[in-house]
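Okay, so here's the structure we're looking at.
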Amino acid sequence: MPSAPRRLAIVALAALALAALLPAAQAAPKKPACPAGMASVGGRFCIDAFEASLDLVDAKGRTLRKHSPYTTPGADARIVARSRRGVVPQAHISQEQAAAACESAGKRLCTDDEWLAACRGKSSGAYPYGDEHEAGRCNDKGVSPLRSLHGAAEGLEVFGMDAMNDPRLNQIAGTVAKTGQFKKCKTTAGAFDMVGNLHEWTADANGTFRGGYYLDTEINGSGCDYVTKAHNTKYRDYSIGFRCCRGGKAVAKNGGSKAKPGGGVRTHVVESGQTLSGIAQRYGSSVDAICEASGIDKKSPIVPGQELIIPE
């Protein structure tokens, strides 16, 4: 039997060995990943990986069908933004409509600073992929659909609001691409098409869209620095889309609920320790209804700061 000093030495060595293992076992949990279809920008906020498409929903937030990306949503339409790969993104949408669609999805339009940070990436490059423009990386050398339809004509026949929102425009070959089609047009965070394809509205109250579109990414700045501030928040045309953000400093952190414009939909900001079943019980709803309205899988964990749609 080992002597007392030897037993103490053995115990000490065992304790040291155990201590060496503890940091790995007791390491602080990683921050939750962003929801499906979103990418984390430095752990500060989430941004949609793809330019938004729209679903039409009923008064309870249940999906009815996909909205056509070639037409403007109706004034009374209940729309929800979706981040999906391999679909034609929504154009013909105003900033006000885009903001409402993001809110209905439990998200929001990105601030200008967020949009730029996501586009420039870790290296703060001029383009999502680096400092120098590379032909073919993004959808930025397309054809002019207005000229394809109207030739050399000028005036309202070509540049009026009706002409600029003609459903035929983005159905012409060489115009808008499906989301993620240009696989190399990707930021370090994993967001596609932030330069080219469609302009993207930000949350600027004066009306700002960024990134250029399939015909122009240079006139108003190069790559990520492309910015247009010439239109109000009600403006829309074939070249403008959007994507949403979530989390970060712009999100409310009061753990409460609020009504959405148009009625019938509220949001709840998740607090630490809350569960889907508890939230559903609080509002007299169901887990399935909240998950469907929020566009989440009920098997996926909810996280503090996450916004949920609470249908009535």
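Selection over the range 133-154 of residues that are within 24 Å of Lys184 (Cβ to Cβ), of a type in the set (Asp, Glu) and exposed (fewer than 15 other Cβ atoms within 10 Å of the Cβ) gives a count of 1. Residue count for the range 221-249 satisfying the condition of being closer than 16 Å to Cys119 by Cβ and surrounded by fewer than 17 Cβ atoms within 10 Å (Cβ to Cβ): 2.
Among the residues of the range 146-196, those that are touching a Cys at 6+ places or on another chain (Cβ under 7 Å) and either of a type outside the set (A, V, I, L, M) or farther than 17 Å from Ile47 by Cα (or both) comprise Phe182, Cys185, Thr187, Phe192, Asp193, Gly196.
So is Gly125 under 18 Å from the mean Cα position of the chain (by Cα) and at pLDDT below 95 or not? No, not satisfied. When the residues of the range 258-301 are filtered to those that are among the hydrophobic types (A, V, I, L, M, F, W, C) and over 21 Å from Ile47 (Cα atoms), which remaining residue is modelled with the lowest pLDDT? Taking the candidates together, the pick is Ala259.
Conditions tested, residue by residue: (1) touching a helix residue (DSSP H, G or I) at 6+ places or on another chain (Cβ under 6 Å); (2) farther than 15 Å from Met194 by Cα; (3) of a type outside the set (A, V, I, L, M, F, W, C); (4) not assigned by TED's automatic domain parsing to the domain that holds Ala81.
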| position | (1), (2), (3), (4) |
| --- | --- |
| Ala105 | no, yes, no, no |
| Thr111 | no, no, yes, no |
| Glu114 | no, no, yes, no |
| Gly136 | no, no, yes, no |
| Gly142 | no, yes, yes, no |
| Leu146 | yes, yes, no, no |
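For the range 53-78, a residue qualifies if it is buried (at least 18 other Cβ atoms within 10 Å of the Cβ), among the aliphatic types (A, V, I, L, M) and within 21 Å of Ser286 (Cα to Cα), and exactly one does: Val57.
So, of the residues in the range 217-257 that are of a type in the set (Val, Ile, Thr), in a loop (DSSP other than H, G, I, E, B) and within 30 Å of Leu308 (Cβ to Cβ), which turns out to be modelled with the lowest pLDDT? So the residue we want is Val251. Scanning the range 84-131 for residues that are basic (Lys, Arg) and in a loop (DSSP other than H, G, I, E, B) yields Arg84, Arg85, Lys107, Lys122.
In the range 187-207, the residue that is surrounded by the fewest Cβ atoms within 10 Å (Cβ to Cβ) out of those that are more than 15 Å from the chain's Cα centre (by Cα) and either under 22 Å from Glu218 (Cβ atoms) or of a type in the set (A, V, I, L, M) (or both) is Ala205.
Looking at the range 132-216, the helices (runs of 4 or more DSSP H) lying wholly inside it that each contain 1 or more residues that are among the polar types (S, T, N, Q) sit at 145-150. Note on the range 80-122: among residues that are under 13 Å from the mean Cα position of the chain (by Cα) and among the acidic types (Asp, Glu), the one that is surrounded by the most Cβ atoms within 10 Å (Cβ to Cβ) is Glu114.
The values are calculated or read from the model by the stated rules, or taken from the named source; none is laboratory data. What you see is a predicted model, and the numbers here were worked out from it, not measured in a lab. Cβ atoms come from the backbone with ideal geometry, glycine included; neighbour counts cover every protein chain shown.
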